[in-house]
Amino acid sequence: MSKNVLIIHAHPEPKSLNGSLTGVAIAELEKQGHRVQVSDLYAMGWKAVADAADFTDVKEPERFSYVRESKHAFSTDTQTLDIAVEQRKLLWADAMIFQFPMWWFTMPAILKGWIERVFAYGFAYGVGLHEGVRWGDRYGEGMLAGRRAMLSVTIGGRLPHYGSRGVNGSLEDLLFPIHHGILWYPGIDVLPPFVIYQADRLTPDGFETLANEYRRRLRGLFTDQPIPYRSQNGGHYDQEQVLRPELGAGVSGFALHVLQPGDPADARPEPKKIHEGETTNA
């Protein structure tokens, strides 16, 4: 079945490895019959700084708050056009691919600026009921639920440097703020990343091998299993949004927020059954 795929590309050189990988993705996805759009942030001249210029009607100019202005602008359709266009692309997409080099242990600033401006209040956060023990629709729920995403990342360092005991820290930990805090937060299912190490030492033969592996991953874009993060409102966390003590035994750190073998996907208690002659009033 044909799907919609948005590629968010963040590299300043079209002839770079990242540019080549985006080309491979476009060709492979279209070969599969999917529809593809590309947001090439450098080519677009994307404005990376989140500031008052993002809103055509600043509600409180005397003391500027980006959060409050974002909420106002999204609800009144007074965001700038570039933000609104990217939000429409995200709603159009069934899946997203984020193509970027790892710079200083994270994404390039232009991509972070895309997220800060496009993931607006009322669109990617500040969504859903906030009262009682419920902290809104996030971490598995939200405006972008039902979609999936995959990071395609090029890294200059060697694979052992990013292992569990590597000097740079584990790649899973480095990518957790993106995977869990940016993508899973508004409800996007996150696939394991496609990663190329020693990217600046890649030979033409090595590229073709990696391109074939990337094509294989792209063929599983809609069938591969996502990282099984815990849902915020799935019963795994208490009323303070702290993981319940009986869950996560034997693991620590960011891994606590990934379902472990034997954990139920939905840990909410079953509703109490009302038997004949009983009432719900104590």
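Give the residue that is farthest from Lys89 (Cα to Cα), with candidates limited to residues of the range 4-21 that are in contact with a Phe, Trp or Tyr (Cβ under 6 Å, 6 or more places away or on another chain) and assigned to a loop (DSSP other than H, G, I, E, B).
So the residue we want is Pro12.
Among Gly113, Gly126, which is the only one that is surrounded by fewer than 20 Cβ atoms within 10 Å (Cβ to Cβ), at pLDDT below 95 and closer than 22 Å to Thr80 by Cα?
Testing whether each residue is surrounded by fewer than 20 Cβ atoms within 10 Å (Cβ to Cβ), at pLDDT below 95 and closer than 22 Å to Thr80 by Cα leaves just Gly126.
Would you mention how many residues in the range 142-163 are under 27 Å from Leu29 (Cα atoms) and either surrounded by 18 or more Cβ atoms within 10 Å (Cβ to Cβ) or free of Cβ contacts under 8 Å to residues at least 12 places away in the same chain (or both)?
Adding up the residues that qualify gives 12.
Name every residue in the range 33-58 that is over 30 Å from Tyr121 (Cβ atoms), touching a strand residue (DSSP E or B) at 6+ places or on another chain (Cβ under 9 Å) and surrounded by fewer than 19 Cβ atoms within 10 Å (Cβ to Cβ), in order of residue number.
none
Just name the residue that is farthest from Thr223 (Cα to Cα) out of those in the range 167-186 that are in a loop (DSSP other than H, G, I, E, B) and in contact with a Leu (Cβ under 8 Å, 6 or more places away or on another chain).
Asn168
Out of the range 187-243, which residues are in a helix (DSSP H, G or I) and of a type in the set (Val, Ile, Thr)?
Thr209 - this is the single residue of the range 187-243 that is in a helix (DSSP H, G or I) and of a type in the set (Val, Ile, Thr).
Suppose we keep only residues that are surrounded by fewer than 18 Cβ atoms within 10 Å (Cβ to Cβ) and in contact with a strand residue (DSSP E or B) (Cβ under 7 Å, 6 or more places away or on another chain) within the range 90-110. Which one would you say is nearest to Tyr162 (Cα to Cα)?
This residue is Asp94.
Could you list, in sequence order, the residues of the range 115-141 that are within 28 Å of Lys47 (Cα to Cα) and not small (Gly, Ala, Ser)?
Within the range 115-141, Ile115, Glu116, Arg117, Val118, Phe119, Tyr121, Phe123, Tyr125, Val127, Arg138, Tyr139 qualify.
Hey, among the residues in the range 186-203 that are charged (D, E, K, R) and modelled with pLDDT under 95, which one's nearest to Gly126 (Cα to Cα)?
Out of the qualifying residues, it is Asp200.
The values are calculated or read from the model by the stated rules, or taken from the named source; none is laboratory data. The structure presented is a predicted model; accordingly, all values stated were derived computationally and were not measured. For neighbour counting, all protein chains shown are included, and Cβ atoms are generated from backbone atoms with ideal geometry for every residue, glycine included.
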